[in-house]
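S.K.: Below are the C-alpha cells for one structure; questions will follow.
The values are calculated or read from the model by the stated rules, or taken from the named source; none is laboratory data. In this text the structure is predicted, and so the values were computed from the model without any measurement. Here the Cβ positions follow ideal geometry from the backbone for every residue, glycine too, while neighbour counts run over all protein chains shown.
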Amino acid sequence: MFTPYKRSLITRLAGLYEKYASSATGLPKYSDEYWRSILEHPLINAERDIIISCDPEDAGEGSSVIAFSWFYTGSMPERVVLRGPYVELDNPDLDKLLENHIDESIARAEKMEPEFIEARALFPQWAKVYESRGFERAGTYERMRLFPLRGDLKVAPVPSGCEIREYRSVSDLNVLVGLFADVFSCHWDYSPPRIEDWKEIIKTPGFEPSLVHIAFSDGKPSGYAFGEPIIDPFIRSVDSAYLISIGVTERDREKGLGAAVLSKWLRGAYKAGFRAAELDVDEKNSGAKFMYEKFGFGFIRAEEIWRYHFR
C-alpha cells in the first residue's frame, strides 16, 4: 500500500536508504536534514512525485516503510527521472515491491506527458524488473572517484596556441552551451542544452568559479570542464566535487588539451575546498577512462540507464 509523504517519515526513509550505502555501491549515508532538502525541494511535487510503500500490517502514523522512490522532471520536460526504488533488501516480496513502484511511477509520470522515464539500475535485479515493465537499456555509465584530491596535483602542460581560464561571468555560459552542443550532439544521452539550466547551477550554494574552466585554441573556444557542488544523493558523494561534463572540440583533440583542462579543473576543485572528485563516464569511452585513470581516478560502480518511452 502507498502512503503520502510526511516529514515524520524522513528518518525511516533515510534508514532504508542507508542499507544501500556501502563501499561496494559507492553510495554514502545522508542526514535527515539532507533528505528533507531533497524531498521537499521546490521542483518536487510531494503528492505526485514521492512514492512510499508501508507494511500493510503496520498502518498508520507508526507505519513501517518498506520501499520508496521519487521522480522529477528537472529542466527537461521530455524526461522524467526516477530515483530508486529503494526496497528492503531482505524483503521476501522484493520483486513485487519493485514492480509496484515502477508501475506506479509509469502511471503518475504519464499524466505529465513526457517522452520517456529514465532510471538507473544499481543491481541486476532492478534491470530485470525494468525490462519486464517495458523499459529499454540506453547505455551504461561508470562512476569513477579520485581520493584524496591533493593540492600538489601535477598540472598537464597546455598545448601551444591554447589557453585555459576559469569562469568569469554569465556571458561565459553562452560559450559553454555552444561547446557542449558541439562536443556531445551525437551522444546517445544528449539533450539540447538550455542556458537557463546552466544559470541555475552557478546559483547553487557553494558554487565556485574555479569549478568551471574554458579552453581556447588560437582564440577560439575549444574545450571546457564544468563541475558543481553536491546536490543529488543518488549519484554524488557529499565530500566530492562532481564533474558534470568535460569535452574538447573534434578539431582540437589529440593535442593533450583534454588532460590540461582536467588538471586545471581538479586544481580548481581543490581550491574550492573539495578533497575528492567524482565523475560519470560512458563505459564505451575507453580513451576518456584511460585519461581519468592516469590522474588517479578509480572505478566505483557501473549504472545501467533504462528508459521507458511513452511515444
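S.K.: Kindly indicate which of LEU89, LEU122, LEU82 is modelled with pLDDT of 90 or more and either within 22 Å of SER22 (Cβ to Cβ) or outside the structural domain of ILE66 (by TED's automatic domain parsing) (or both).
M.R.: Going through LEU89, LEU122, LEU82 in turn, the sole match is LEU82.
S.K.: Going residue by residue through region 183-198, is there one that turns out to be of a type in the set (Val, Ile, Thr) and over 18 Å from the mean Cα position of the chain (by Cα)?
M.R.: yes
S.K.: Looking at region 153-172, which of the residues that are touching a residue at least 60 places away in the same chain (Cβ under 8 Å), farther than 15 Å from LYS271 by Cβ and in contact with a strand residue (DSSP E or B) (Cβ under 7 Å, 6 or more places away or on another chain) is surrounded by the most Cβ atoms within 10 Å (Cβ to Cβ)?
M.R.: CYS162
S.K.: Quick one: GLY134 ticks every box in (1) modelled with pLDDT under 95; (2) closer than 30 Å to GLU110 by Cβ; (3) in a loop (DSSP other than H, G, I, E, B) bar one, so which box is it?
M.R.: All conditions are met except number (1).
S.K.: Could you tell me which residue of region 83-131 is surrounded by the fewest Cβ atoms within 10 Å (Cβ to Cβ), considering only residues that are in contact with a Leu (Cβ under 7 Å, 6 or more places away or on another chain) and aliphatic (A, V, I, L, M)?
M.R.: Selected residue: VAL129.
S.K.: Residues being buried (at least 20 other Cβ atoms within 10 Å of the Cβ) and touching a His at 6+ places or on another chain (Cβ under 9 Å): count how many of those fall in region 268-311.
M.R.: Count: 1.
S.K.: Within region 131-148, is even one residue free of Cβ contacts under 8 Å to residues at least 12 places away in the same chain, within 20 Å of the chain's Cα centre (by Cα) and on the phi < 0 side of the Ramachandran plot?
M.R.: no
S.K.: So VAL80 passes all but one of these: (1) in contact with a Pro (Cβ under 7 Å, 6 or more places away or on another chain); (2) under 30 Å from SER240 (Cα atoms); (3) in contact (Cβ under 8 Å) with a residue 60 or more places away in the chain; (4) crowded, with 20+ Cβ neighbours inside 10 Å. Which condition number does it fail?
M.R.: Failing condition for VAL80: (3).
S.K.: Right, PRO221: touching a strand residue (DSSP E or B) at 6+ places or on another chain (Cβ under 7 Å) and at pLDDT 95 or above or not?
M.R.: For PRO221, the condition - touching a strand residue (DSSP E or B) at 6+ places or on another chain (Cβ under 7 Å) and at pLDDT 95 or above - is met.
S.K.: Within region 1-21, track down each residue that is over 18 Å from the mean Cα position of the chain (by Cα) and of a type in the set (Gly, Ala, Ser).
M.R.: As a first pass, look at region 1-21 and keep what is over 18 Å from the mean Cα position of the chain (by Cα): 1-16, 18-19.
Those that are over 18 Å from the mean Cα position of the chain (by Cα) and of a type in the set (Gly, Ala, Ser): SER8, ALA14, GLY15.
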